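To start, the structure itself, in structure tokens.
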Amino acid sequence: MKPRAISTGLMLLLVAACLSLTACPNGNSDGTTDPLRKYAKAADNMAGAINSMIKAKRSLAQSNRLTPAEELRLTEKLLTANTAVSTFNTRVKSLTVAPDAGTKAELVNLLSNVTATINDLNTGGVLGISNPESKQKMTKFIDTINAAIAVFSSLQ
Amino acid sequence: MDWMTIIVNLLPLVPAPGAGQATVLAQLALELIGRIKSQTGMTTEQIFERAGLTLEENKRMLLEDLERLQGSHNPPSS
């Protein structure tokens, strides 16, 4: 790996780690930070589920329980979903106070984009997997992501 | 001002570091991760997730996979 790529990655890691671990509110004396922490956790869960899904996809493909065409479709749709979740995650993590009506509308809009990409990942990627066990395994990740999306139902 | 704040404020000022500086930063990152692990009991994966790095890692892995798969699906023309 090139030194510049290494250092860029490290800087990203340090900045993100510092920002997250120092700025994330731990206190909830007035109770206002609880929804924000809940939202942040749900956004992290989406990211974590996609991460686990990618690793599972690789493992299934390596053991020939996923065809190259199926893996390609999943990869393309996962990339789209990851981008939508990333945009949503960034906005959620930028919240410092409970969202007002305008911010809620913005979040709902971003969330609907996430929902659409996850639905597409499911219908266009997961449901087309021929191996039943592989399909079942992938469906569990979709369920996890949908459970995380449901946490934001109070926004609507 | 605490050390974390100092690091956060200094990092944007580092102009594309060379290999030597990258090594120093790598040691700093490893030390920081080690400290967070020992103080919080979190795993490296949990620290990355908490720091919002999972999505970046996801993107990197997916682009790697896409390159591999598109390469295998589109054999070089003769």
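Each reported figure results from applying straightforward, stated rules to the coordinates on display, with no laboratory input. Just so we're clear, the structure is a prediction, and the values are computed from it rather than from any experiment. Please note: Cβ atoms are built from the backbone with ideal geometry, for glycine as well, and neighbour counts cover all protein chains shown.
The alpha-carbon of A:LYS57 sits under 14 angstrom from the alpha-carbons of these aspartates and glutamates, leaving out residues fewer than 8 places away in its chain: A:GLU70, A:GLU71, A:GLU76, A:GLU133, B:GLU64, B:ASP65.
Rg and Dmax, both from the Cα atoms of the stretch A:75-146 and both in Å, are 14.5, 46. Holding the Cα-Cα limit at 27 Å, pick out from A:LYS41/B:LYS59; A:LYS77/A:LYS137; A:LYS104/A:LYS135; B:LYS37/B:LYS59 the pairs that are longer than that. Violating the 27 Å Cα-Cα cut-off are A:LYS104/A:LYS135. Going from the fewest other Cβ atoms within 10 Å to the most, the residues B:THR44, A:THR80, A:THR103 appear in the order B:THR44, A:THR103, A:THR80. Here's the picture: a label point sits 7 Å out from the Cα of A:GLN156 along the beta-carbon direction, and within the stretch A:69-107 the residues with their amide nitrogen under 14 Å of it are A:105-107.
Other residues with beta-carbon under 12 Å from the beta-carbon of A:ILE118 carry, at +1 per Lys or Arg and -1 per Asp or Glu, a net charge of -1.
Here is the tail figure for the stretch A:33-103: Cα pairs spaced more than 17 Å apart come to 52 percent of all pairs. Sorting B:LEU53, B:LEU62, B:LEU30, A:LEU121 from the fewest to the most surrounding beta carbons within 10 angstrom yields B:LEU30, B:LEU53, B:LEU62, A:LEU121.
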